[in-house]
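What follows is a single structure, and I will ask about it in a moment.
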Amino acid sequence: MNFFPLTINDKDKVNAILHSQVAYTWEMCFNEILLWPGYTSTQYAILDGLIVFRCKYNGDEPYFRVPMGIGDKAECVKKIIEEYKTPIFQGVPKQELKYFDTDFFEIIPHRNAFDYCYDIEKLATLKGKKMNKKRNHWNAFSQLNYELRDLNPQEAKKIYQDWFGEHKQATVEMFNAEKIELEFFLDNYEDFPEFDGNSLYVDGKLVAFCISQKISDEMIITHFEKANPEIRGSFVAINKLHSENLHAKYPSVKYINREEDGGIEGLRKAKLSYYPDFMVEKYTLVPKK
């Protein structure tokens, strides 16, 4: 099995395979997979019409993602076992577990990697008793002189760099990896026409931005959302207004996937506060001893 480093030049070839199946999580998006070299080293191989990603984080043992595309995934997993003997798989969605031999693998839930998925109309309207606190924040923000515009990537990059430099948690490796990823996409925004981005301004000053992508007929995934925490309601406002925009542009889409929380307590609390309609459960698979 021949693996090659993943680069931007592989976009069309990789997407041709990824788009052959219904996507519902970030691990099925080329744009996300491409830039995780800020966090991991990623290679890919194509086997019998399926694509397999092999990743390595620092000095840790390499691991695989579930094979993606249209083909015999169970047979592909068997071939990986034959060649690598004791492979580890990470980020395997619950829907894909059927391709793995449970006599061979121990299946371990990875709660930090569960994706949060929400009804798009709920995010756009903030209707319902559970959204009372969100509506209060929105009502406060809506009194301001605000304006939603298409994303200005370079302006977004500058304000993010300013915000990033002020936060101590930015020294954490995961935040550094996100910084690399986000700045790459902002610098090369025109090369990713599949992105939908919005910037939110108050009195002409940028206070928040959001970047999402339609990944199937029913699902949009939000890759990045940043806001000035000093302005009450800024996070709620960019979420609501961006969701309104997406709902109008893609009326057939039912859900927005706002990705995982990475085990970060504050992020988990924020994502749960919107009461996800369902989670994309993911698992780590380790060979039994």
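The values are calculated or read from the model by the stated rules, or taken from the named source; none is laboratory data. Worth saying up front: this structure is predicted, and the values here are computed from it rather than measured. Note that we place each Cβ from the backbone using ideal geometry, even for glycine, and neighbour counts take in every protein chain shown.
When the residues of region 99-153 are filtered to those that are of a type in the set (Asp, Glu) and in contact with a helix residue (DSSP H, G or I) (Cβ under 9 Å, 6 or more places away or on another chain), which remaining residue is farthest from LYS73 (Cα to Cα)? Before you say what the answer is, go through the steps one by one.
Of region 99-153, the ones of a type in the set (Asp, Glu) are 101, 103, 106, 115, 119, 121, 147, 150.
So of that shortlist, the ones also in contact with a helix residue (DSSP H, G or I) (Cβ under 9 Å, 6 or more places away or on another chain) come out as 101, 115, 121.
Numbers: ASP101: 12, ASP115: 22, GLU121: 35 Å.
Filtering region 99-153 for residues that are of a type in the set (Asp, Glu) and in contact with a helix residue (DSSP H, G or I) (Cβ under 9 Å, 6 or more places away or on another chain), the one farthest from LYS73 (Cα to Cα) comes out as GLU121.
Tell me the strands (runs of 3 or more DSSP E) entirely within region 85-170 that contain at least 1 residues that are surrounded by fewer than 19 Cβ atoms within 10 Å (Cβ to Cβ) and free of Cβ contacts under 8 Å to residues at least 60 places away in the same chain.
Filter on region 85-170 gives 146-150.
Scan region 226-280 for residues that are polar (S, T, N, Q), under 30 Å from GLN95 (Cβ atoms) and out of contact with any Asp or Glu (no Cβ under 8 Å at 6 or more places or on another chain) and jot them down.
The answer is SER243, SER273.
State whether the residues of region 28-50 include one that is in contact (Cβ under 8 Å) with a residue 60 or more places away in the chain, of a type in the set (Gly, Ala, Ser) and either touching a Cys at 6+ places or on another chain (Cβ under 7 Å) or not assigned by TED's automatic domain parsing to the domain that holds ASN176 (or both).
For region 28-50, residues in contact (Cβ under 8 Å) with a residue 60 or more places away in the chain, of a type in the set (Gly, Ala, Ser) and either touching a Cys at 6+ places or on another chain (Cβ under 7 Å) or not assigned by TED's automatic domain parsing to the domain that holds ASN176 (or both): present.
Next question. Which of (1) touching a Phe, Trp or Tyr at 6+ places or on another chain (Cβ under 8 Å); (2) assigned to a strand (DSSP E or B) is the odd one out, the single condition PRO229 does not satisfy?
(2)
Given VAL77, VAL66, which one is assigned by TED's automatic domain parsing to the domain that holds GLN21, of a type outside the set (D, E, K, R), in a loop (DSSP other than H, G, I, E, B) and crowded, with 18+ Cβ neighbours inside 10 Å?
VAL66
Yes/no matrix, rows are residues, columns are (1) within 30 Å of LYS127 (Cβ to Cβ); (2) in contact (Cβ under 8 Å) with a residue 40 or more places away in the chain:
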{"position": "ASN176", "(1), (2)": "no, yes"}
{"position": "GLU183", "(1), (2)": "no, no"}
{"position": "ILE211", "(1), (2)": "yes, yes"}
{"position": "SER216", "(1), (2)": "yes, yes"}
{"position": "ALA237", "(1), (2)": "yes, yes"}
{"position": "LYS240", "(1), (2)": "yes, yes"}
{"position": "SER243", "(1), (2)": "yes, yes"}
{"position": "PRO251", "(1), (2)": "yes, no"}
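On to the next question. As an exercise: evaluate LYS79 against (1) in contact with a strand residue (DSSP E or B) (Cβ under 9 Å, 6 or more places away or on another chain); (2) touching a residue at least 60 places away in the same chain (Cβ under 8 Å); (3) within 25 Å of ASP277 (Cβ to Cβ) and give the number of the one condition it does not meet.
The single condition LYS79 does not satisfy is (3).
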